[in-house]
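Since every read-out is calculated from the coordinates, none of them should be taken as a lab result. These numbers come from a predicted model, not from an experiment. All Cβ positions, even for glycine, are placed from backbone atoms using ideal geometry, and neighbour counts span all protein chains on display.
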Amino acid sequence: QVQLVESGGGLVQAGGSLRLSCAASGRTFSTLSMGWFRQAPGKEREFVAAIRNTDGRTYYSDSVKGRFTISRDNAKNTVYLQMNSLNPEDTAVYLCNADPSIQRIIAGGRYWGQGTQVTVSS
């Protein structure tokens with residue numbers, strides 16, 4: 001069992017930045033690949049970014065590549081999503097997920113947090 005708690009969401013103007021955090025518990029953090037998804041009202045859940053457990057390799061959707069950075073701190077059992085150059089299309093609930101398999105993370109993962117709201121105004 002893995003519990004995930006996201007934080008750091010809020011309201012920001014277009015062009016601004018936010019840093020999201022996801023704290024994990026219930027399992028050795030270093031064994032987990034971690035990811036971020038987002039879901040806007042009326043839209044499907046969308047993959048955003050992921051980071052592999054074994055070597056820290058990162059993966060990004062085309063829509064955020066070059067603007068967002070995923071990182072992890074194994075000593076703090078936390079994964080981060082640094083979001084820069086935000087635009088209104090980034091508005092969504094951002095959800096953290098975890099899975100030993102990076103392939104399953106990208107496909108949807110096994111464990112999910114409740115999400116944190118990110119709102120980008122024009």
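What share of the DSSP beta bridges in the chain is antiparallel, in percent to the nearest 5?
Around 90 percent of the beta bridges assigned by DSSP in the chain are antiparallel ones.
What fraction of the Cα pairs in region 70-122, stated in percent, has a spacing above 15 angstrom?
59 percent
Quick check: convex hull of the Cα atoms in region 1-47, volume per residue, rounded to a whole Å³?
118 Å³
Would you mind estimating how fast region 21-68 diffuses translationally, via Stokes-Einstein at 10 °C and 1.306 mPa s with the Kirkwood radius over Cα pairs, in µm²/s?
My calculation gives 131 µm²/s for D.
Under a plain spin-label model, where a point goes 7 Å from the Cα along Cα-to-Cβ, how far apart in nm are Arg67 and Thr119?
1.9 nm
From zero outward in steps of 10 Å, how is the percent of C-alpha pairs of region 15-122 spread across the bins?
So the P(r) values, bin by bin, are 16, 52, 28, 4, 0.
Starting with the highest mean, order 91-99, 113-121 by the number of other Cβ atoms within 10 Å, averaged over the residues of each peptide.
By packing density, highest mean first, the sequence is 91-99, 113-121.
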